[in-house]
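First comes the structure, then the notes that go with it.
Every read-out reported here was derived from the displayed coordinates using simple, explicitly stated rules and does not represent laboratory data. In this text, all values refer to a predicted model and were calculated from it rather than measured experimentally. Here Cβ is always computed from backbone atoms with ideal geometry, including for glycine, and neighbour counts include all displayed protein chains.
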Number of protein chains: 2
Amino acid sequence: MPRVSCERGLRERKKAATRAALAAAASRLAIEHGADHVTVEAIAAEADVSPRTFHNYFSSREEAMVASVVDFGWNLTDRLQERPADEPIWDALRDVIVGSVDASPQARERIAAQFEMFAGNPAVLASQLAALDGMRIRFASVVAARTGTDAGYDMYPHLVASAAANALKTAYDLWATRRDVGLIDLVDQAFAMIRAGLPEPGRSEPCS
Amino acid sequence: MPRVSCERGLRERKKAATRAALAAAASRLAIEHGADHVTVEAIAAEADVSPRTFHNYFSSREEAMVASVVDFGWNLTDRLQERPADEPIWDALRDVIVGSVDASPQARERIAAQFEMFAGNPAVLASQLAALDGMRIRFASVVAARTGTDAGYDMYPHLVASAAANALKTAYDLWATRRDVGLIDLVDQAFAMIRAGLPEPGRSEPCS
DNA sequence: CTCGTTTCTTGCAGCACGTGCATACATTCG
DNA sequence: CGAATGTATGCACGTGCTGCAAGAAACGAG
């Protein structure tokens, strides 16, 4: 729930710090030793709290390990909502995602290690997908509001939000494994392909 | 020789039957009582096996509850691979999905109840997403093979597979909640929108 | 500063989950 | 039939997650 660290008081700052410490500890230990070999006890010890306190912040080991993904999703949603309402939706989506990119070598290494860790444990992978799906749902609400569609009745906002989320995930996945491409270029290309309707390459166009 | 041709032996038939019984029991109990209130012990009892045997077939409660989704994904992948190689990829995807549809009222009730059950438990929802993601990955391999792209280097097959999987999921989600639309129509519309590049409705075209 | 209120941390108890292992049982095949 | 292989079950063990109650820390008013 705590999305902003508005410094409303010592209490909230400490809570945010504890949550961040637990998430960082979970991620770090899972990357180092593999998600399977990390216990709640170890995560709690790393963050200097009791195992019981861990469960006051996260309802499962997996949730802590993907907390950065959840936060990333909330961050993107917030930025999307701040966009001017008359901007074309695809421009808003693309710019928000491109604007959130950290394409530094350190980020690439961190993300690659994180994705590898996710892939090593089915439950963690599922939690990552759930985190992205949460973002997708909020994206769909924003898209619906901006395009005059209804998320409860129209497929359009869901298809757009899914496409954007998948462009993001696909670009990151490929960028983390390939050594010869830029993340921003991949995001741009993914959005361009989606907006072109994903035509089959090397097949004659159906217009003639 | 056995009378039934495709069954390789009593042993394999029994295994398949046990697995199916466990999956059905898990799904039924979870729909009836809520995923949270169903224990492995109850599922095993419903399928007339020991709790220990349950874990010989499924590694978690959630896995059993979404087994039908996993099987559905494998089924679709198989049918996609059987398609003629020269067929346009979007036609193949659309026809395979449309061909798998059971739009009967009973199916709608069953799927609606199932989705509601999924949504009631974060871990089960994550497992559903993981099941769909498994299908998506296999779709991407097939798409890559058919379009001359490389799933390890090109975004195209991943974007196409994601788009198809999301069209499927979006159509089912909406069909399960709305009472006034046909599932096949929704699938058709979703594919049409994606192939058109998901243009923003009610906005003047950017062609001038 | 003091005191009462609110909120967080911690330990404890308890049940359920998931796995390795050994044993008994079923089937397949020579 | 008899050996080899694969399956079901019980047992034990470590771990995960939650409710509860007591203690500690932060807050707000006087």
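Each label point was placed 7 Å from the Cα along the Cα-to-Cβ direction; for A:Asp185 and B:Thr177 their separation is 4.1 nm. Sorted from shortest to longest, the distances between the A:Glu82 label points of this copy and the other copies are 5.3 nm, with each point 7 Å from Cα along the line through the beta carbon. Comment: the Cα-to-Cβ extended label point of A:Pro201, at 7 Å, lies 3.3 nm from its counterparts in the other copies, nearest first.
On C-alpha positions alone, give me the angle between the axis of helix B:183-195 and the longest principal axis of chain B, in degrees, nearest 10. Here the helix axis deviates by roughly 40 degrees.
Taking the Cα centre of region A:60-196 as origin and assigning +1 to Lys and Arg Cβ atoms and -1 to Asp and Glu Cβ atoms, the resulting dipole is close to 200 debye. For region B:123-130, backbone phi angles converted through the Karplus equation (6.51, -1.76, 1.60; θ = phi - 60°) give residue-by-residue couplings of 5, 5, 4, 4, 5, 5, 4, 5 Hz, Gly and Pro being listed as x. Modelled label positions at B:Ala17 and A:Asp150, each set 7 Å beyond Cα in the direction of Cβ, lie 5.0 nm from each other.
Helix A:156-177 axis versus longest C-alpha principal axis of chain A: approximately 70°, rounded to the nearest ten. A straight Cα-to-Cα reach below 25 Å connects B:Lys169 with the lysines A:Lys169, residues fewer than 8 places away in its own chain not being considered. Kindly identify chain B as rounded, prolate or oblate by the Cα gyration tensor criterion: order the square roots of the eigenvalues as a ≥ b ≥ c, call it rounded if a/c is under 1.5, otherwise compare a/b with b/c, prolate if a/b is larger, else oblate. Prolate is the answer for chain B, as a/c is 1.5 or above and a/b outweighs b/c.
Taking a straight line from the alpha carbon of A:Lys15, these aspartates and glutamates sit under 20 Å away, with near neighbours fewer than eight places off in the same chain left out: A:Glu7, A:Glu41, A:Glu46, A:Asp48, A:Glu62, A:Glu63, A:Asp71. Taking the charge dipole of region A:60-196 about its Cα centre, with +1 at Lys and Arg Cβ atoms and -1 at Asp and Glu Cβ atoms, the residue from A:Ala64, A:Ala192, A:Tyr156 reaching farthest to the positive side is A:Ala64. For the pair region B:132-205 / region B:9-86, the C-alpha centres are spaced 26 Å from each other.
How high is the relative contact order of chain B, given as a whole-number percent (alpha carbon pairs under 8 Å, six or more residues apart)?
Numbers: 174 pairs, mean separation 39.1, N = 208.
Over chain B, the number comes to 19 percent.
Rounded to the nearest 20 debye, the dipole magnitude of region B:145-208 is 120 debye, with +1 charges on Lys and Arg beta carbons, -1 on Asp and Glu beta carbons, and the Cα centre as origin. Between copies, the label points at A:Val181 (set 7 angstrom from Cα along Cα-to-Cβ) are spaced 3.2 nm, reported in nanometres from shortest to longest. Going from the residue with the fewest nearby Cβ atoms within 10 Å to the one with the most, A:Thr177, A:Thr170 rank A:Thr177, A:Thr170. In this calculation the C-beta distance from A:Glu32 to A:Asp102 is compared with R0 = 22 Å, giving a FRET efficiency of 0.55.
Applying the Karplus relation 6.51 cos²θ - 1.76 cosθ + 1.60 with θ = phi - 60° to region A:104-116 yields 3J(HN,Hα) values of 5, x, 5, 4, 4, 4, 4, 5, 4, 5, 5, 5, 5 Hz, where x marks Gly and Pro. For the protein assembly as shown, a crude dipole built from +1 on the beta carbon of Lys and Arg and -1 on the beta carbon of Asp and Glu, taken about the Cα centre, is about 800 debye to the nearest 20. FRET efficiency for the B:Ala85 to A:Glu116 pair, using the beta carbon distance and R₀ = 35 Å, is estimated at 0.55.
Remark: mean inter-chain Cβ contacts per residue of B:178-187 equal 1, using a 10 Å Cβ-Cβ cutoff to other protein chain atoms.
Give the shape of region A:5-93 as rounded, prolate or oblate, defined through the alpha-carbon gyration tensor: a ≥ b ≥ c are the square roots of its eigenvalues, a/c under 1.5 means rounded, and otherwise the shape is prolate if a/b is larger than b/c and oblate if not.
On the way: a/c = 3.69, a/b = 1.76, b/c = 2.09.
It comes out oblate by the Cα gyration axes.
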